[in-house]
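Here the structure comes first, spelled out in structure tokens, and everything after it is commentary.
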Amino acid sequence: GGKIPIRWTAPEAIAFRKFTSASDVWSYGIVMWEVVSYGERPYWEMTNQDVIKAVEEGYRLPSPMDCPAALYQLMLDCWQKDRNSRPKFDDIVNMLDKLIRNPNSLKTLVNASS
């Protein structure tokens, strides 16, 4: 039993209560989104039922304002419907490490505000 934090939970974990490192990767992607959007609530005012339906239908959170494109792509990778297509945590660490070591890679923003 127990409640599931729907907004942070991978679709397969919601549907089958199957929690794996792949479902943790999904959740990590949501947390990255929260951090980059300065603590915005994932899926804003949507109800949990609406979140479940939207995610199942392929909806993904939009890029936070001024988010580096490479970072948003990493979030999208974490939110792959097929859990086997999601990066492993080793891959995520390597990618973040690369971005930190090459700050210029963070200059390309998804939707730069003027």
Q.
Please give me, ordered by residue number, the GluC sites (Glu not before Pro) of segment 1-102 that lie in loop per DSSP and have at most 15 other Cβ atoms within 10 Å.
A. E40, E45, E57
Q) Counting pairs on different chains as well as pairs 8 or more places apart, how many Lys pairs in segment 6-106 have Cα atoms under 19 Å apart? A) 5
Q) Hey, if you put +1 on the Cβ of every Lys and Arg and -1 on every Asp and Glu Cβ in the chain, which of L74, F89, V31 ends up farthest toward the positive end of that dipole? A) F89
Q.
To the nearest 20 Debye, how big is the dipole of segment 35-114 about its Cα centre, given +1 on the beta carbon of each Lys and Arg and -1 on that of each Asp and Glu?
A. 220
Q | segment 63-96 versus segment 1-45: alpha-carbon centroid distance in Å | A | 13
Q.
5 Å is the cut-off here: which amide hydrogens, built 1.01 Å from N in the peptide plane, fall below it relative to L109, excluding neighbours closer than 5 in sequence?
A. A69
**Q.** the chain: angle of helix 21-36 to the longest principal axis, Cα-based, in degrees nearest 10
**A.** 50
Q. About its Cα centre, what dipole magnitude does segment 38-78 give when the only charges are +1 on Lys and Arg Cβ and -1 on Asp and Glu Cβ, stated in debye to the nearest 20?
A. 40
Q | Kirkwood hydrodynamic radius over Cα pairs of segment 6-106, then Stokes diffusion coefficient at 4 °C and 1.567 mPa s, in µm²/s | A | 93
Q. At 222 nm, what helix-only mean residue ellipticity would the chain give, in deg cm²/dmol to the nearest 500, using -39500 (n - 2.57) for each DSSP H run of four or more?
A. -14500 deg cm²/dmol
Q) What ranking do D91, D82 get, fewest neighbouring Cβ atoms within 10 angstrom at the top? A) D82, D91
Q | Sites matching chymotrypsin sites (Phe, Trp or Tyr not before Pro) across segment 36-69 that sit in DSSP coil, with at most 12 neighbouring C-beta atoms within 10 Å | A | Y38, W44
Q.
For segment 54-83, which trypsin sites (Lys or Arg not before Pro) pass both filters: DSSP loop (anything but H, G, I, E, B) and at most 14 other C-beta atoms within 10 Å?
A. K81
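Each reported figure results from applying straightforward, stated rules to the coordinates on display, with no laboratory input. On a predicted model such as this, the values are computed, not experimentally measured, just so you know. Note that we place each Cβ from the backbone using ideal geometry, even for glycine, and neighbour counts take in every protein chain shown.
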